[in-house]
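Everything on this sheet refers to the single structure shown next.
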Amino acid sequence: MSILFYQLQTSNIVGKWIFSKHESSKNLDEETKAITTNAFSKFSFEFRNDETYDMTKRRKKESGTWKSADGFIITTNTEGFIDKIKFIQKHKDTIRFEIETGEFVVFHRTQ
C-alpha cells in the first residue's frame, strides 16, 4: 500500500474530527497498543475556515490558529506553543497523522 503525502487544501481539513483508531506498521504488544489508543481516545479537534481551531486532548482544551504548509498542519495555540503535524488524507472523511515513524492516529469527520 502506498501513502500519498500532499499539500493539504483548506477544504480537506475544515470540520470537526474525533479519534477513530491507532495504526502501526510496527509489531507492538497489546499493552503498548492499548496505552496509545487510550492516550488518543479523548482527542478531538475542529479546524475552521477562518484558520482558528479548538482541540481537546487529554481532557484539556486548547484553541489558537492553524495553517497548512507542505503537507503539514501548523498550529499555534493561544499561549504561543507551535506544533507541526504531518497529515495524510486517506479518504474524504478520514484523516491520519504520523505520530512517529510507522505510527499513525486516525480521525474521522463528525461534521
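The values are calculated or read from the model by the stated rules, or taken from the named source; none is laboratory data. Not measured: the values here are computed from a predicted model. Every residue, glycine as well, gets a Cβ built from its backbone with ideal geometry; the counts of neighbours run over all protein chains shown. Just the protein is used for accessible areas: all its heavy atoms, side chains included, with ligands, DNA and RNA removed. Shrake-Rupley method; radii C 1.70, N 1.55, O 1.52, S 1.80 Å.
With the structure loaded, tell me whether Arg59 is touching a residue at least 60 places away in the same chain (Cβ under 8 Å), of a type outside the set (S, T, N, Q) and open to solvent by 10 Å² or more (accessible area, probe 1.4 Å) or whether it fails that test.
Details: touching a residue at least 60 places away in the same chain (Cβ under 8 Å): no; of a type outside the set (S, T, N, Q): yes; open to solvent by 10 Å² or more (accessible area, probe 1.4 Å): yes.
For Arg59, the condition - touching a residue at least 60 places away in the same chain (Cβ under 8 Å), of a type outside the set (S, T, N, Q) and open to solvent by 10 Å² or more (accessible area, probe 1.4 Å) - is not met.
Would you check if Thr65 is out of contact with any Gly (no Cβ under 6 Å at 6 or more places or on another chain), hydroxyl-bearing (Ser, Thr, Tyr) and either outside any helix (DSSP H, G or I) or surrounded by fewer than 16 Cβ atoms within 10 Å (Cβ to Cβ) (or both)? Before you say what the answer is, go through the steps one by one.
Numbers: out of contact with any Gly (no Cβ under 6 Å at 6 or more places or on another chain): yes; hydroxyl-bearing (Ser, Thr, Tyr): yes; either outside any helix (DSSP H, G or I) or surrounded by fewer than 16 Cβ atoms within 10 Å (Cβ to Cβ) (or both): yes.
Criteria met by Thr65.
From the list Lys42, Lys21, which one is touching a strand residue (DSSP E or B) at 6+ places or on another chain (Cβ under 7 Å), in a strand (DSSP E or B) and either open to solvent by 90 Å² or more (accessible area, probe 1.4 Å) or modelled with pLDDT under 85 (or both)?
On the way: Lys42 fails: in a strand (DSSP E or B).
Lys21 is the lone residue from the list that is touching a strand residue (DSSP E or B) at 6+ places or on another chain (Cβ under 7 Å), in a strand (DSSP E or B) and either open to solvent by 90 Å² or more (accessible area, probe 1.4 Å) or modelled with pLDDT under 85 (or both).
Residues being of a type outside the set (S, T, N, Q), open to solvent by less than 60 Å² (accessible area, probe 1.4 Å) and in contact with a Leu (Cβ under 9 Å, 6 or more places away or on another chain): count how many of those fall in region 68-94. Working first, answer last.
So in region 68-94, the residues of a type outside the set (S, T, N, Q) come out as 69-74, 79-88, 90-93.
Imposing the further condition that a residue be open to solvent by less than 60 Å² (accessible area, probe 1.4 Å) reduces the set to 69, 71-74, 80, 83, 85, 87-88.
Filter once more, so that each one left must be in contact with a Leu (Cβ under 9 Å, 6 or more places away or on another chain): 69, 71-73, 87-88.
Matching residues across region 68-94 total 6.
Only one residue in Tyr6, Tyr53 is assigned to a loop (DSSP other than H, G, I, E, B), open to solvent by less than 70 Å² (accessible area, probe 1.4 Å) and either of a type outside the set (A, V, I, L, M) or at pLDDT below 85 (or both), so which one is that?
Values: Tyr53 fails: assigned to a loop (DSSP other than H, G, I, E, B).
Selected residue: Tyr6, the only one of Tyr6, Tyr53 that is assigned to a loop (DSSP other than H, G, I, E, B), open to solvent by less than 70 Å² (accessible area, probe 1.4 Å) and either of a type outside the set (A, V, I, L, M) or at pLDDT below 85 (or both).
Could you please tell me which pairs satisfy a Cβ distance under 6 Å, a separation of 6+ or placement on different chains, a first residue in region 28-42 that is within 17 Å of Glu98 (Cα to Cα), and a second residue that is exposed (fewer than 12 other Cβ atoms within 10 Å of the Cβ) and at pLDDT 85 or above?
That search, which allows pairs on different chains as well, returns nothing.
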